[in-house]
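K.L.:
Okay, handing you the structure first.
The values are calculated or read from the model by the stated rules, or taken from the named source; none is laboratory data. As the structure is a computational prediction, the values presented were derived from the model and not from experiment. Virtual Cβ from ideal backbone geometry, glycine too; neighbours counted across all protein chains shown. We work out accessible area using only protein heavy atoms, side chains counted, and drop any ligands, DNA or RNA first. Shrake-Rupley method; radii C 1.70, N 1.55, O 1.52, S 1.80 Å.
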Amino acid sequence: NVQHISTKGPSPTLALWVGASPSTFLGTAAYAFEGIGLVLPIASSMAEPELFPGIAVAVLAILLLLLLSFGLVGVFTFGADAQPTILLDLSLLTPGSPTASIIELLYCIILICSFPLMLFPASQILDRIVDARSRVTQD
């Protein structure tokens, strides 16, 4: 955490790549931006879609800064012992504490609750198909 870094400095085992290879980083980065498939449906659903590019750039920049700051704090704190995801590092930070288990449980709940969002583009496509077929049968 930030207090650990400010008092003890960065870990002496700080490494450029943590994990087996850069592919771990790429997989984690791809997962971080998993919601990118919602971009077009959200843009088309907006009341003023012409504002979307500016909003999207701002949101993605904020997201990038948040992810980068959390990643850097983890790497500076744990050095070469840092795991690819912060959830694995929580048990190292406070061994025996239920905090890590509670956070992991909350993370699982968030993933389950975000599943319908991933289906939103598919539901819009199916809605258009069903709507088009119902118009054809009504004519």
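K.L.:
If I model a spin label at Leu63 and Met46 as a point 7 Å from the Cα along the Cα→Cβ vector, what separation in nanometres do I get?
P.N.:
In this crude label model, Leu63 to Met46 measures out at 1.4 nm.
K.L.:
Something else about it: Enumerate the helices in the chain for which the Kyte-Doolittle hydropathy averages 0.0 or more and the C-alpha atoms extend at least 30 Å along the helix's axis, using complete DSSP H runs.
P.N.:
What comes out of the filter, once short or polar helices are dropped, is 52-78, 99-138.
K.L.:
How are the alpha carbon pair distances in the chain distributed across 10 Å bins from zero to the largest one, expressed in percent?
P.N.:
9, 26, 30, 18, 10, 4, 2, 0
K.L.:
Same structure, new question: Placing +1 at every Lys and Arg Cβ and -1 at every Asp and Glu Cβ, with all other atoms neutral, what dipole size does the chain have around its Cα centre, in debye to the nearest 20?
P.N.:
For this selection, approximately 160 debye.
K.L.:
Leaving out ligands, DNA and RNA, what percent of the accessible area of the chain is carbon and sulfur, probe 1.4 Å?
P.N.:
It is 74 percent, rounded to a whole number.
K.L.:
State in Å² the accessible area per residue of the chain; use a 1.4 Å probe, count heavy atoms of protein chains only, and round to the nearest integer.
P.N.:
On the way: 10360 Å² over 139 residues.
I get 74 Å² per residue for the chain.
K.L.:
Based on the Cβ-Cβ distance from Thr28 to Leu126, what FRET efficiency comes out when R0 is 25 Å, to the nearest 0.05?
P.N.:
Computed FRET efficiency for Thr28 and Leu126 comes out at 0.20.
K.L.:
Also, I was wondering about something else. For the chain, which longest stretch is free of loop sites, where a loop site is one of the chymotrypsin sites (Phe, Trp or Tyr not before Pro) that DSSP puts outside H, G, I, E and B and that has at most 16 other Cβ atoms within 10 Å?
P.N.:
The longest such stretch corresponds to 34-139.
K.L.:
So who's got an amide H within less than 5 Å of the one on Gln83, skipping anything under 5 residues away but keeping other chains? H placed 1.01 Å off N, in plane.
P.N.:
Those qualifying (amide H under 5 Å, at least 5 residues apart or on another chain) are Asp89.
K.L.:
Using 1/(1 + (r/R0)^6) with R0 = 35 angstrom and r between the beta carbons of Ile86 and Ile55, what's the FRET efficiency to the nearest 0.05?
P.N.:
Rounded to the nearest 0.05, the efficiency is 0.80.
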